[in-house]
Amino acid sequence: MAAETVFGKIVAGEIPVEILMETERVIAFPDQSPQAPVHVLVIPKTTEYRDVAALAAGDPTLLAEMVDVSQRIAAAHGDGDFRLLFNNGAGAGQTVFHVHAHVLCGGLEERSLV
Ligand code: 5GP
């Protein structure tokens, strides 16, 4: 079980966010510091997985569900195309250790890998 994080508090309803999409196991809400015209975080409700590597090893079906929700967010809030980013580990810039996908879309101006 991952240590309690801000996203665990969001899942528990202790920190209010605008829920853009919800499934039985996943929620999506806007990033508080957007880096694109549309910047949404897609997270599992479980606090079990600290990063995408742990999730891929432990529950690949849940990872696939996060990708599906990301695609639906991009269709609903952008033009359907999207960039999907996982920071995996502090050295890669991860700051919240509850696995999350950054969905970036809605008019990305250029190809970027960072
Ligand atoms: P990381 O750097 O771990 O990949 O991304 C964490 C993201 O969570 C950051 O983009 C940051 O802006 C976002 N974030 C952190 N705390 C909150 C919060 O309380 N609410 C929302 N909506 N986003 C948050």
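Pick from PRO16, PRO60, PRO30: which is most flexible by mean-square fluctuation in a GNM of the chain where alpha carbon atoms under 10 Å apart are linked?
For the chain, modelled as a Gaussian network with Cα springs under 10 Å, the answer is PRO16.
Pulled fully out, how much extra length does the chain show between THR95 and ALA12, if you take 0.36 nm times their separation in residues and subtract their Cα-Cα distance? Spell out each step's value before the answer.
Numbers: separation 83, 0.36 × 83 = 29.88 nm, distance 1.93 nm.
Computed gain between THR95 and ALA12 is 28.0 nm.
Summing +1 for each Lys or Arg and -1 for each Asp or Glu, what net charge is found among the other residues whose Cβ lies under 14 Å from the Cβ of GLN35?
Values: positive: ARG83; negative: ASP31, GLU109, GLU110.
Cβ neighbours under 14 Å give a net charge of -2.
Along segment 97-114, what does the Karplus equation 6.51 cos²θ - 1.76 cosθ + 1.60 (θ = phi - 60°) give for ³J(HN,Hα), rounded to whole Hz, x for Gly and Pro?
Using θ = phi - 60°, the values come out as 9, 9, 3, 8, 9, 8, 9, 10, 6, x, x, 6, 7, 8, 5, 8, 10, 10 Hz.
Angle check, please: helix 60-77 long axis (alpha carbons) against the longest principal axis of the chain (alpha carbons), in degrees 0 to 90, nearest 10.
30 degrees
From Cα coordinates alone, what are the radius of gyration and Dmax values for the chain in angstrom?
So, for the chain, Rg and Dmax equal 13.3, 39 Å respectively.
Under 12 Å from the Cβ of GLY106, count the other residues' Cβ atoms, weight Lys and Arg +1, Asp and Glu -1, and hand me the total.
On the way: positive: ARG83; negative: ASP79, ASP81, GLU109.
Neighbourhood net charge equals -2.
Would you calculate, for the chain, the mean residue ellipticity at 222 nm contributed by helices, counting each DSSP H stretch of 4 or more residues as -39,500 (n - 2.57) and dividing by all residues, to the nearest 500? Please list the in-between numbers first.
On the way: 3 runs with 31 residues, N = 114.
Calculated at 222 nm, the ellipticity per residue is -8000 deg cm²/dmol.
Readers should treat all values here as calculations from the given coordinates under stated rules, not as data from a laboratory. Being a predicted model, the structure only gives us computed values, none of them experimental. Cβ coordinates were reconstructed from backbone atoms using ideal geometry, including for glycine residues, and neighbour counts include every protein chain displayed.
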